[in-house]
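The values are calculated or read from the model by the stated rules, or taken from the named source; none is laboratory data. All figures in this text were calculated on a predicted structure; none of them were measured in a lab. Every residue, glycine as well, gets a Cβ built from its backbone with ideal geometry; the counts of neighbours run over all protein chains shown. Please note that ligands, DNA and RNA were not included when accessible areas were found on the heavy atoms of the full protein model with its side chains. Shrake-Rupley method; radii C 1.70, N 1.55, O 1.52, S 1.80 Å.
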Amino acid sequence: MRLEEIQMDNMIEELGSMIGKQEKNRSLLVHALQRIQQECGYLPVGELRELSSALGISPADIYSVASFYKMFHFKPRGRKIVKVCLGTACYVRGSNLVLHALEDKFKIMDGETTDDLAMTLETVGCVGCCGLAP
């Protein structure tokens, strides 16, 4: 048994002790995904395969749950997350120009991370500061 499998088993046992065995597999999934992302910074494919095996849940079901929540990421993210609002007020006042300037300066597109993992660029619908737009 590989070290990662032992660690995965220990994590499952630790989290599983909080609930009954019948509910264990499905109810542990989100907690296990959070733990993996906390340790790795994202959800690596290898870890998801091990989790699938440990919980007896298909990889498709795990991916379905993980992709439902915006908090989970399948690629490494930058140390800094830069979010550009593309809501109506910000867009009208030039946030698209800010986005394009960032893309040009850092040579990444929306949703991408710089090669040195310094920054991830994301767009959002609204940050609630319309009066300060963009």
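Its DSSP H runs of at least 4 residues, each contributing -39,500 (n - 2.57), put the calculated 222 nm mean residue ellipticity of the chain at -16000 deg cm²/dmol, to the nearest 500. Sparse packing (at most 12 other Cβ atoms within 10 Å of the Cβ) combined with a DSSP loop state is found for the following trypsin sites (Lys or Arg not before Pro) in the range 91-126: 107. Look at the alpha carbon pairs under 8 Å that are at least 6 residues apart: their mean separation over the length of the chain gives a relative contact order of 21 percent. Within the shell defined by Cβ-Cβ distances under 13 Å, the residues around residue 129 carry a net charge of +2, with Lys and Arg each +1 and Asp and Glu each -1.
List the Cys residues of the chain that have no partner Cys with a C-beta closer than 4.7 Å. 40, 126, 129, 130 - these cysteines have no disulfide-compatible partner (Cβ-Cβ under 4.7 Å) in the chain. Phi-derived couplings, Karplus 6.51 cos²θ - 1.76 cosθ + 1.60 at θ = phi - 60°, listed residue by residue for the range 27-42: 6, 7, 4, 5, 5, 5, 4, 4, 5, 4, 5, 4, 7, 9, x, 6 Hz, with x used for Gly and Pro. A Gaussian network model of the chain, with springs between Cα atoms under 10 Å, assigns the largest mean-square fluctuation among 41, 94, 111 to 94.
Split the accessible area of the chain by element, probe 1.4 Å, and carbon with sulfur accounts for 55%.
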